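Read-outs throughout are calculated quantities, based only on the coordinates presented, and are distinct from any laboratory measurement. As the structure is a computational prediction, the values presented were derived from the model and not from experiment. Note: ideal-geometry Cβ built from the backbone for every residue, glycine included; neighbour counts use all protein chains shown.
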2 protein chains.
Amino acid sequence: MKSTSNGTDPPWETLSSEKIYENPWYGLRQDLVRTHTGKQITYTYMEHPGAVAVVPVTPDGKIVLIKSYRYTVKDWCWEIPMGGRDHADLEVVARKELQEEIGGICRKIEYINYFYANNGVSDIRCDVFLAREVEIGANEPEEAELIEIEVLIKDEVYRMAYAGEITDGMSALSLFLCEKHL
Amino acid sequence: MKSTSNGTDPPWETLSSEKIYENPWYGLRQDLVRTHTGKQITYTYMEHPGAVAVVPVTPDGKIVLIKSYRYTVKDWCWEIPMGGRDHADLEVVARKELQEEIGGICRKIEYINYFYANNGVSDIRCDVFLAREVEIGANEPEEAELIEIEVLIKDEVYRMAYAGEITDGMSALSLFLCEKHL
C-alpha cells in the first residue's frame, strides 16, 4: 500500500460518508475511513465551501484593514475583506467582498495563492487576492457584521502582523503571502 | 449602546446557548444572539479547546517540518508539530506534541503569540511556541496521523512559506510569527 507523500493513490479510503449537520454556511460530514494502517476510523469534519480573502492596497500604497467584532471569540480582530465562496469564480467573490466590506473598487486584482485554514477539523480553503489601486467608499456590511475601516501605511500593517496583533489568522497569513508582491 | 471597538461592553448579547453536537475533539454550539443592531440571530460555531503549535529549531539552526496527509482536504501538507489543547498548561502540550510528532526534546522553549484560526465559524485559538536546540528522535504519531519528517535550512523554509508552499495555514502563520525571533 502506498502511504508516502510520493505515492499517487490516496493513502486513506472512504468507506462511507454522511452529512450529519448543515446550515447555510457550512456542514458537518462524518466518514468511515480505512487509514494507511488498515484500521477503520470515524472522521468528522466541517465541510465548508471555502473563503476568499483580499488584501486591499490604495493608489498611494496604503493597506485597508478592518476591525471586526467576532462573536465566536468574543473579541475584536484586525482583518482584511473576506467572505465565503458563494460563486464559482473566485475573483467575483473577491470583488464582491471588497465592495461590501470597504466599499472598495479596484482596477487591478491578482490571484496570489491559497491555504487550508484549519485542516485537522475542516476542509476550508482560503484563496488570497491582492487588489491594487483600491478606491474605498461607503460599505454595505451584512447584518451580522460589525466592522470599522482603517487605512494604514504598509510598514505599520506588517509591524502589526509580525508582532501578532492581527489576531485573525486567515487575514494575517493572507498579508504575509502578499508581502513580497508589494 | 456601545458598538465600537473602543466600547468596554461586548456589543452582542447571548440570549441562550446550546451544544448541538459533540465528539472527543470539538463540538458545535448554537446560540441565540442579540446583535448591535438589536436584531436576534442564531449563530452556530465550532467550539474547540484550542491548538498548540511549535516551530522546532535544531542546534545548528535548521527547522524541522512535517509532511502530513490530511484527510479533510485529501492532500499532503507541510506542517509543524501541532495538537489539540488537552492540558491547561500550554507548554506541556507543546512539549508533548514535539515528542510525539518528531521525537523532539528541546532545552529552550518560548511562547511567541496566538491567533484565531477561523474566527467566522470557530472559536479555535492557536498558541505558538518556538523550541530551540531541538534534538529529534523516534516519533510516536497517533493512529490517525500519517507523517514524514524533514529537516530543512531556515532560508528554504521561509522561501516555501512566502511562496505559499506550506499550505497548512496554521503552520505557515506560526512560522511567520517566529521569523523575527530566529
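Some observations on this one:
- Euclidean distance of C-alpha centroids, region A:129-163 and region B:63-115, integer Å: 31
- Placing unit charges on each Cβ (+1 for Lys and Arg, -1 for Asp and Glu) gives the protein assembly as shown a dipole about its Cα centre, and among A:G120, B:C178, A:M170 the Cα reaching farthest toward its positive end belongs to B:C178.
- Helical runs (DSSP H, four residues minimum) scored at -39500 (n - 2.57) apiece and divided by the length of chain A put the mean residue ellipticity at 222 nm at -5500 deg cm²/dmol.
- Position B:S17, label points 7 Å along Cα→Cβ, spacing to each other copy in nm (shortest first, one decimal): 3.4
- Close Lys pairs in region A:71-182, defined as Cα atoms under 24 Å apart and 8 or more places apart or on different chains, number 5.
- Hz values of 3J(HN,Hα) by residue in region A:105-114 - Karplus curve (6.51, -1.76, 1.60), Gly and Pro given as x: 10, 10, 8, 10, 9, 10, 7, 9, 5, 9
- Estimated inter-spin distance, A:E13 and B:H87, nm [label 7 Å along Cα→Cβ]: 3.8
- Here B:E140 and A:R107 are evaluated by their C-beta separation; at R0 = 51 Å the FRET efficiency comes out at 0.40.
- Ranking of B:I124, B:I149 by count of other Cβ atoms within 10 Å, fewest first: B:I149, B:I124
- Degrees separating the helix B:169-179 axis from the principal Cα axis of chain B, which is the longest one: 70
- At 7 Å out from Cα toward Cβ: B:I153 inter-copy label distances (nm, ascending): 3.5
- Here the calculated FRET efficiency for B:V151 and B:H181, from their Cβ-Cβ distance with R0 = 22 Å, stands at 0.70, rounded to the nearest 0.05.
- Exposure proxy for A:V57, A:V134, B:V151: other Cβ atoms within 10 Å of each Cβ, ordered fewest to most, give B:V151, A:V57, A:V134.
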